[in-house]
Amino acid sequence: MSIPNIAAQANPTEDEIVARAQALIPMLRAKADAVEKARMVPDDTIAAFQEAGFFRILQPRRWGGYEMQPNVLNRVLMELARGCPSSAWNVMVLGVHPFEVGLLDSRCGDELWGQDNTRLVSSSYAPFGTVKAVAGGYVLNGDWLTSSGCDHAAGGAFLGGRVEENGETVFRSFWVQRSDFTIVDDWHVVGLAGTGSKKLVVREVFVPDYRSHVIGAYGEATHGHVENLYKMPFFYVFYAAVSSVIIGMAKGMADMYIEHMVPRQNINQAVGSAVKDPFIKGRLGEAAAKILGAEARVLHNTSEAWRYASRGELVPLDVRVRHFSTNQFTGGECFDAAHMIFKKTATRGVWLSSPMQRQMRDILVGANHITQNQDNIGELLGGVMLGVPLPPVNPFGYKPAPASVQAA
């Protein structure tokens with residue numbers, strides 16, 4: 001469908017745009033089952049998100065974006081996922097890529113948004129395909145899986161790949177035009193089925209060097225020249241956004257649990273109303289505490305990092321390590337909270353007509369995302385706290401000095 005250019009609209013405040021997300025929750029809940037069955041978010045829902053300005057939150061001002069701080073997007077995602085996790089996941093993926101464009105050569109933004117600043121970009125960062133460095137750029141070839149929202153991404157996709165440069169392997173992100181890949185519908189999954197995370201097939205596509213960047217790099221050379229918002233590490237912004245969607249899913253599970261339990265009568269007549277059952281109340285209270293703890297941590301971490309970036313400073317390494325690592329525990333904690341109350345729904349919760357079983361499956365898949373890898377990251381964070389140096393390959397945009405230099 002045709003979406004009008006919205007550059008002329010006034011910038012909303014943070015509370016205004018979050019209120020827009022809250023107002024969409026009933027509509028999203030009503031459509032959630034249909035979204036799962038269609039295995040993609042419908043065009044009219046994406047249009048509603050466009051109208052609300054969600055994809056402009058992290059978009060640079062020079063191309064008509066709001067250029068707001070990342071917690072605005074995080075708070076929006078926490079609301080939208082209460083209504084439909086798959087729809088919120090599309091906002092997360094398609095809404096975080098304008099941030100990445102802000103890190104690239106300005107020619108990319110001009111090419112992407114010069115004629116239509118509403119064009120969206122999907123992604124597939126895992127290095128499924130191959131990359132070869134050539135004169136003036138790179139040649140990509142292969143199949144990249146799980147590109148969420150790709151059907152709505154007229155602006156193409158960011159693809160991840162490893163390439164040999166100066167004797168070492170570098171992990172890069174490449175912006176590929178929509179005309180350079182085909183979409184294969186292979187997204188048949190147990191949860192988050194409505195995200196439309198299909199396969200992108202790329203065959204011998206040339207990408208100019210200015211449409212690429214080292215995705216994990218962070219320092220004066222890569223971020224010193226950009227506007228304040230884009231001094232935030234990209235991986236940090238992306239991972240926190242994923243955590244925010246999962247928090248919203250868990251909050252939605254709590255909403256449904258309350259609606260489910262308030263009218264329910266306990267099988268034990270002596271107890272009567274289910275809300276008098278101490279275990280039904282206790283599990284909800286414990287789950288709410290876990291969800292609130294995860295929410296507070298993600299918002300706090302992002303706010304603390306933003307205090308540096310908003311002053312035009314890079315976020316210090318120790319702060320990046322702490323934030324990036326602790327946010328990855330969100331998926332496990334929210335899954336535990338949701339499962340805790342799902343079990344108290346007993347048989348009623350397992351019917352396909354119950355929205356709780358769909359919400360539970362969505363949280364299961366969301367918590368499996370690579371950004372929620374609490375096992376490996378816990379060991380890395382604990383090692384840093386115990387004084388163990390970071391390894392040469394790490395997710396913090398930090399490259400330790402050679403041993404000879406450290407010794408000196």
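Here, each number is a calculation from the coordinates, and none is a lab measurement. For clarity, every value in this text was computed on a predicted model and none was experimentally measured. Using ideal geometry, Cβ is built from the backbone for each residue, glycine included, and neighbour counts are taken over all protein chains shown.
Quick notes
- Taking the Cα centre of the stretch 157-285 as reference, the dipole from Cβ charges on Lys and Arg (+1) and Asp and Glu (-1) amounts to some 640 debye.
- Extension gain, D43 back to L145 (0.36 nm per residue minus Cα-Cα distance, nm): 34.5 nm
- Taking the helices alone, the chain has a mean residue ellipticity at 222 nm of -15000 deg cm²/dmol, built from -39,500 (n - 2.57) per DSSP H run of at least 4 residues and averaged over all its residues.
- Within straight-line cross-link reach of K344, lysines at Cα separation under 27 Å, skipping those fewer than 8 residues along the same chain: K31, K37, K251, K276, K281, K290
- Efficiency of FRET from Cβ geometry, V226 and Q22, R₀ 51 Å, rounded to 0.05: 0.95
- Cα lying deepest toward the dipole's positive end in the chain, options A289, Q374, I363, charges on Cβ: A289
- Cβ crowding within 10 Å averaged over residues, with 327-336, 184-193 ranked highest first: 327-336, 184-193
- Top positive-direction residue, dipole computed over the chain with Cβ charges, set G219, S106, Y239: Y239
- 20 Å Cα-Cα reach of K399 towards aspartates and glutamates, excluding residues that sit fewer than 8 places from it in its own chain: E164, E165, E168, E220, E313, D318, E379
- Among N74, N376, N90, residue whose mean-square fluctuation peaks in a GNM of the chain (springs only between Cα atoms under 10 Å): N376
- Hydrodynamic radius of the chain per Kirkwood, over alpha carbon pairs, in Å: 22.1 Å
- On the basis of the beta-carbon distance and an R0 of 45 Å, D336 and E204 show a calculated FRET efficiency of 0.50.
- Inter-label distance for V393 and A10, nm, one decimal - labels placed 7 Å from Cα along Cα-to-Cβ: 5.2 nm
- At most 13 other Cβ within 10 Å, DSSP loop - trypsin sites (Lys or Arg not before Pro), the stretch 35-121: none
- Ordering of 134-140, 95-101 by burial proxy (mean other Cβ atoms within 10 Å per residue, highest first): 95-101, 134-140
- A Förster radius of 25 Å, combined with the Cβ-Cβ distance separating S179 from R107, puts the computed FRET efficiency at roughly 0.90.
- Sites matching GluC sites (Glu not before Pro) across the stretch 186-251 that sit in DSSP coil, with at most 16 neighbouring C-beta atoms within 10 Å: E227
- Local net charge near T182, Cβ-Cβ under 14 Å (Lys/Arg +1, Asp/Glu -1): -2
- Top positive-direction residue, dipole computed over the chain with Cβ charges, set A32, I46, L58: A32
- Between D33 and R162, full extension at 0.36 nm per residue minus the direct alpha carbon distance yields a gain of 42.6 nm.
- If only the Cβ of Lys and Arg carry +1 and only the Cβ of Asp and Glu carry -1, the dipole of the chain around its Cα centre is close to 980 debye.
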